[in-house]
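Before any comments, here is the structure.
The values are calculated or read from the model by the stated rules, or taken from the named source; none is laboratory data. What you see is a predicted model, and the numbers here were worked out from it, not measured in a lab. So basically every Cβ, Gly included, is an ideal-geometry build from the backbone, and we count neighbours across all protein chains shown.
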Amino acid sequence: MQVITDWFNLISGWVWGPVMLVLLVGTGVFYTIRLGGLQFRLLPRALKLAFTRQKASDAPGDISQFQALMTALAGTIGTGNIAGVATAVVLGGPGAVFWMWLSALVGMATKYAEAYLAVYFRVRDSRGNMSGGPMYYIEHGLGLKSLAIMFAVCGALAALGTGSSVQSNSVAQALQNTIGLPGWVTGIVLTVVTGLVLLGGIRSIARVASVIVPVMAVIYLLGGLAIILTHLDLVWPAVTLIVSDAFSGQAVAGGAIGLAIRYGVARGVFSNEAGIGTAPIAAAAAKTNRPEEQALVSMTGTFLDTIVVCSVTGIVLVMGNQYTQGITGAALTSNSFEAMLPGVGSWVVTVGLIFFAYSTILGWSYYGEKCAAYLLGEKAVVPYRVIYTGFVMLGTLISLDLVWAAADVFNGLMAFPNLVGLLLLSGIVVHKRLPAPLNARE
């Protein structure tokens, strides 16, 4: 088993090497230029669209634009916002936070393009529900069926690891460390509550995500802001260190891409998933006739995930100055919060981790089943949900070294066909060259 894990780790190091990171950031820079800095010019309008209650709409789609955003955020706001940021700071230094910000700013343009194409090329399935995402715009926009299949296969497999087992394992470890709850008990509870929600499909997932994501994000942010406001004297030195360290000797060490750049960009992408191709699958289900509107709404997901939530984590970690003490991941974030907000901080992180991870389980289940349906038809959805739910239980019982390594590889392999599609279809996003949207295709 260890040999297989080492093999996957070797492949992961290659897949997530300098070429992939440059391609991810480069795609964001490319769209930032071609769209005229749209993510900066139209961010206020995008936020207004995302959080303004919509009137009842007869536009095609399964869920509201807000619910589509919350479903996508359910998949992105997860352990990466707590453990991933901590890992980036430990391995890349405080400067990694700066590069995380930078990758998110250009990633917002990537997310806009993904969502635009997802809505533009979405189709109705045999049950009348909308289906869309990279596999559809790669096939219908480029005619590259084999590349679309590659994305769908990797997406269905990655969901079982990244979205299911890894998240449930994080919850089990958090509860065992905090209150001593055995992993198998956590597994049973998580499996049952996940299965009950998944039975209702995207509408059920969207309803639950629309409650969990904003409530838990606000609680976590309030905890982080309480630390920042009660330690204002540490804020400016922390921000200054983040910026200066981004261009220090450590930042440019470590080969073709320096440590701060490498881990900042990599963890930023893992957190907000810009360019990976998952969020547009949720965007395609939104009720809208205008791809550009849903694209703006989806773009705010990267802003909220990384520029807002990850920033709070990163700044508190640098303020706490515990990242050099040999601990990393969620434990580092928990210790930092507790040290600066005694009696409350560790609970904010623990509860945040539990609900963030659970929402990620729900969000990724939808991504995985849509990939499975693309490959095998709608008949594959229910069996996939059963398998996915089983992996939730499995994740609480086993060591996840192999699952994490395999999920890393499949995540990277998902990104490649998606980025190819985004670059080759940029003319549609920028100039809307096709005569009419294809979202009414039967």
I need every pair where a residue in the range 417-431 that is in a helix (DSSP H, G or I) has its Cβ under 7 Å from the Cβ of a residue that is of a type in the set (S, T, N, Q) and modelled with pLDDT of 90 or more, sequence separation at least 6 or different chains.
Leu419/Thr27; Leu422/Thr27; Leu422/Thr110; Leu423/Thr27
Going residue by residue through the range 113-130, is there one that turns out to be within 23 Å of Ala206 (Cβ to Cβ), modelled with pLDDT of 85 or more, surrounded by 24 or more Cβ atoms within 10 Å (Cβ to Cβ) and touching a His at 6+ places or on another chain (Cβ under 6 Å)?
yes
Quick check on Val392: is it buried (at least 19 other Cβ atoms within 10 Å of the Cβ) and at negative phi?
yes
Can you name the number of the only condition in (1) aliphatic (A, V, I, L, M); (2) closer than 28 Å to Arg127 by Cβ; (3) surrounded by fewer than 24 Cβ atoms within 10 Å (Cβ to Cβ); (4) touching a Phe, Trp or Tyr at 6+ places or on another chain (Cβ under 7 Å) that Leu375 fails?
(4)
Please list, ordered by first then second residue, the pairs with beta carbon atoms under 8 Å, 6 or more apart or interchain, first in the range 73-95 and acidic (Asp, Glu), second modelled with pLDDT under 85.
none
Go through the range 179-193 and give me each residue that's of a type in the set (A, V, I, L, M), under 13 Å from Thr396 (Cα atoms) and either surrounded by fewer than 15 Cβ atoms within 10 Å (Cβ to Cβ) or at pLDDT 85 or above (or both).
Val185, Ile188, Val189, Leu190
If I ask for residues that are more than 18 Å from Glu273 (Cα to Cα) and out of contact with any Gly (no Cβ under 6 Å at 6 or more places or on another chain), which ones from the range 122-141 would you list?
Val123, Arg124, Asp125, Ser126, Arg127, Gly128, Asn129, Ser131, Tyr136, Glu139, His140, Gly141
What's the number of the condition Ile281 fails, among (1) assigned to a helix (DSSP H, G or I); (2) out of contact with any strand residue (DSSP E or B) (no Cβ under 9 Å at 6 or more places or on another chain); (3) among the aliphatic types (A, V, I, L, M); (4) crowded, with 20+ Cβ neighbours inside 10 Å?
(2)
Give me the pairs, please: first residue somewhere in the range 115-140 and touching a residue at least 40 places away in the same chain (Cβ under 8 Å), second residue anywhere and of a type in the set (Lys, Arg) and part of a helix (DSSP H, G or I), beta-carbon distance under 7 Å, and either six or more positions apart or on two chains.
Ser131/Lys370; Gly133/Lys370
Give the residues of the range 198-211 that are surrounded by fewer than 19 Cβ atoms within 10 Å (Cβ to Cβ) and hydrophobic (A, V, I, L, M, F, W, C), sorted by residue number.
Leu199, Val211
List the number of the failed condition for Ser64; all other conditions in (1) over 15 Å from Arg290 (Cα atoms); (2) more than 12 Å from the chain's Cα centre (by Cα); (3) surrounded by 19 or more Cβ atoms within 10 Å (Cβ to Cβ); (4) at pLDDT below 70 hold.
(1)
Residue under question is Ser244, and the condition is that it be buried (at least 19 other Cβ atoms within 10 Å of the Cβ) and of a type in the set (S, T, N, Q); does it hold?
no
Which one of Gly343, Gly329, Gly363, Gly352 is among the small types (Gly, Ala, Ser) and under 30 Å from Val123 (Cα atoms)?
Gly363
